[in-house]
1. Quick one: which residue in Leu54, Leu28, Leu44 is within 12 Å of ligand 2 (Cβ to nearest atom) and either of a type in the set (Lys, Arg) or not in a helix (DSSP H, G or I) (or both)?
2. Find all pairs meeting these conditions: Cβ atoms under 9 angstrom apart; at least six residues apart or on different chains; first residue within the stretch 14-38 and touching a residue at least 40 places away in the same chain (Cβ under 8 Å) and under 30 Å from Arg121 (Cα atoms); second residue away from ligand 2 (no atom under 16 Å from the Cβ) and hydroxyl-bearing (Ser, Thr, Tyr).
3. How about the stretch 7-37: which of its residues are near ligand 1 (Cβ under 7 Å from one of its atoms) and farther than 19 Å from Val176 by Cβ?
4. Tell me which of these Asn4 doesn't satisfy, since it passes every other one: (1) surrounded by fewer than 17 Cβ atoms within 10 Å (Cβ to Cβ); (2) without any contact (Cβ under 8 Å) to a residue 60 or more places away in the chain.
5. Could you figure out which of (1) part of a helix (DSSP H, G or I); (2) modelled with pLDDT under 90; (3) within 11 Å of ligand 2 (Cβ to nearest atom) isn't true of Thr60?
6. Would you mind telling me which numbered condition in (1) modelled with pLDDT of 95 or more; (2) surrounded by 19 or more Cβ atoms within 10 Å (Cβ to Cβ); (3) under 18 Å from Ala32 (Cα atoms); (4) among the charged types (D, E, K, R) Lys148 fails?
Amino acid sequence: MADNPHVRSVEFIKSAVARKDWPDPTGLPEVAIAGRSNVGKSSLLNRLVNRRRLARVSNTPGRTQLLNFFRVNEAFVVCDLPGYGFAKVPSAIKAGWGPMIEGYLDGRTPLRVLMLLVDCRREPGAWEIGLATYCSQRGLALLPVVTKIDKVPKAQRFPTLARIGGTLGLPADQLVAFSAETGEGLDLLWRRLERLLGTQATRSEVDGAAEPAPGAEPAEGSGGVG
Ligand SMILES: Nc1nc2c(ncn2[C@@H]2O[C@H](COP(=O)(O)OP(=O)(O)OP(=O)(O)O)[C@@H](O)[C@H]2O)c(=O)[nH]1
Ligand SMILES: [Mg+2]
């Protein structure tokens, strides 16, 4: 993979299920990657940090079965979550995922940003809509990402963002169109992530900050962040 100027270092910290196994907070802010099974969470993480096989990717939904923690640039921690919903995994295992994910979202003190991934070919369901609402209630910054955007013809990309954004109650320009396959959207994703992590303390800065990409990106509206 080509160099990514945003990435200086990445280390696997640990996998965890129970709260007692979560890594000790180090003062670094944390970012969670959430979304339905097979939406492309682990692929997004690998692309984000420029490593082909850091997080395990699979055609079979249900590949990621634990909370997997990584430290990036000594600046933040990322948690790759198991997927929600219709995974082809034994129901005894799947039954534990709801509490594992919800327990993490509710209880993880350093958590600042929730990346909510939605497949470009699906409609966000009650679970995704609920998570978006949950973010504003809990004071988490929401970073919505539409994955596998390489599957959508260029002319259909904006309508796709508008449709998914509409369901989530967000303006289309707040969604990042992303492809782990081609790297489309990677730079925008990094810029939004860095801005959310860097300006966490002041909501007004997050809401009001303009994107440093002349012409390419409209400035963001205030809906849905934090
Ligand atoms: N075309 C295309 N395929 C992708 C993209 N991202 C992921 N995939 C494929 O989608 C499948 C699932 O990817 P994962 O990254 O394992 O998805 P996940 O959300 O981590 O899945 P779970 O861990 O099972 O919840 C794999 O076959 C990937 O190769 C993308 O941007 N474009
Ligand atoms: Mg995964």
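The values are calculated or read from the model by the stated rules, or taken from the named source; none is laboratory data. Not measured: the values here are computed from a predicted model. Positions of Cβ are backbone-derived with ideal geometry, glycine not excepted, and every protein chain shown enters the neighbour counts.
1. After ruling out the rest, the residue left standing is Leu54.
2. Glu30/Thr109
3. Ser37
4. (2)
5. Failing condition for Thr60: (1).
6. That leaves (3) as the condition not met.
Matching residues to (1) among the basic types (Lys, Arg); (2) buried (at least 21 other Cβ atoms within 10 Å of the Cβ); (3) part of a helix (DSSP H, G or I):
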{"residue": "Gln156", "(1), (2), (3)": "no, no, yes"}
{"residue": "Arg163", "(1), (2), (3)": "yes, no, yes"}
{"residue": "Asp173", "(1), (2), (3)": "no, no, yes"}
{"residue": "Ser179", "(1), (2), (3)": "no, yes, no"}
{"residue": "Thr182", "(1), (2), (3)": "no, no, no"}
{"residue": "Leu188", "(1), (2), (3)": "no, no, yes"}
{"residue": "Arg191", "(1), (2), (3)": "yes, no, yes"}
{"residue": "Leu196", "(1), (2), (3)": "no, yes, yes"}
